[in-house]
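Notes to accompany the following structure.
The values are calculated or read from the model by the stated rules, or taken from the named source; none is laboratory data. Source: prediction; values computed, not measured. Here Cβ is always computed from backbone atoms with ideal geometry, including for glycine, and neighbour counts include all displayed protein chains.
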Amino acid sequence: MNIVHRFGQFIIPKTNIFCLSPNKIGSIAFVNLRPIVPGHVLVTTQRIVPLVEDLTEEEYLDMWLLVRRVQTILKVAYPKTTAFNIAVQDGKDAGQSIAHVHVHILPRSSMQDGDPFGGEKNDEIYEKLEKWAPTTLLVDEKQQKQNSQNNLNVPNENERIDRTEEMMTNEATRYRQILSDLKKK
């Protein structure tokens, strides 16, 4: 049986998924098209619902157990990781750009270890998460809405460009290998 995994209106290629929940509920972890920091990945549920409160208790637990498992994978993939930002933008007014519950997982370290948001810049990551969207079109829509609501001139995020399918496949493959190695221990 070939299961199609969706993230809102988007189909997630199998090659971008690196971890599946072992339960029938089927939460998935996949690499990010527009990561804020290296290792910024997403976990979402199989069933498409917009808000955390819409999840069944089983879906909620399944998703968060997978988040914890993904943290273990990312600690191996990024050995200098000392912390994580784990974020849920629960609804459009919270910055959610895809109406499908999802968790952002961002490995963190000190600036000395290469984290562009380490040290005094730590809180800047929240601004980046607020502006995050999986496609340039959705970023532009979000910025236009913010501009009209706040009368602010928010510049486009040209420094964050979509990654190639090959880049994303390679990253997911690396994480799958780490997961496989962890299961052998």
Item to check | Pick from the stretch 64-81, criterion touching a helix residue (DSSP H, G or I) at 6+ places or on another chain (Cβ under 8 Å) and of a type in the set (S, T, N, Q), ranking: surrounded by the fewest Cβ atoms within 10 Å (Cβ to Cβ) | outcome: T72
Item to check | Conditions (1) without any contact (Cβ under 8 Å) to a residue 24 or more places away in the chain; (2) over 24 Å from E127 (Cα atoms); number of the one not met by D93 | outcome: (2)
Next on the checklist: Of the conditions (1) under 30 Å from P50 (Cβ atoms); (2) surrounded by 12 or more Cβ atoms within 10 Å (Cβ to Cβ); (3) of a type in the set (A, V, I, L, M, F, W, C); (4) at pLDDT 85 or above, L182 satisfies every one except a single condition; which number is it?
Outcome noted: (1)
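Among the candidates D93, D140, D123, single out the residue that is at pLDDT below 60 and of a type in the set (D, E, K, R). Don't jump to the end; show me each part of the working.
Values: D93 fails: at pLDDT below 60; D123 fails: at pLDDT below 60.
So the residue among D93, D140, D123 that is at pLDDT below 60 and of a type in the set (D, E, K, R) is D140.
Among V101, V37, which is at pLDDT below 95, touching a strand residue (DSSP E or B) at 6+ places or on another chain (Cβ under 7 Å) and of a type in the set (A, V, I, L, M, F, W, C)? Break it down into steps so the answer makes sense when it comes.
Details: V101 fails: at pLDDT below 95.
Just one listed residue meets the conditions, V37.
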Item to check | Enumeration of residues in the stretch 55-67 that are part of a helix (DSSP H, G or I), within 16 Å of F7 (Cα to Cα) and over 17 Å from the mean Cα position of the chain (by Cα) | outcome: E59
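Matching residues to (1) closer than 23 Å to E165 by Cβ; (2) buried (at least 20 other Cβ atoms within 10 Å of the Cβ); (3) polar (S, T, N, Q):
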{"site": "I17", "(1), (2), (3)": "yes, no, no"}
{"site": "F30", "(1), (2), (3)": "yes, yes, no"}
{"site": "V43", "(1), (2), (3)": "yes, yes, no"}
{"site": "R47", "(1), (2), (3)": "no, no, no"}
{"site": "V52", "(1), (2), (3)": "no, no, no"}
{"site": "T56", "(1), (2), (3)": "no, no, yes"}
{"site": "D62", "(1), (2), (3)": "no, yes, no"}
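Confirm whether P107 is closer than 24 Å to I25 by Cα and at pLDDT 90 or above.
Values: closer than 24 Å to I25 by Cα: no; at pLDDT 90 or above: yes.
Taking the combined requirement at face value, the residue does not satisfy it.
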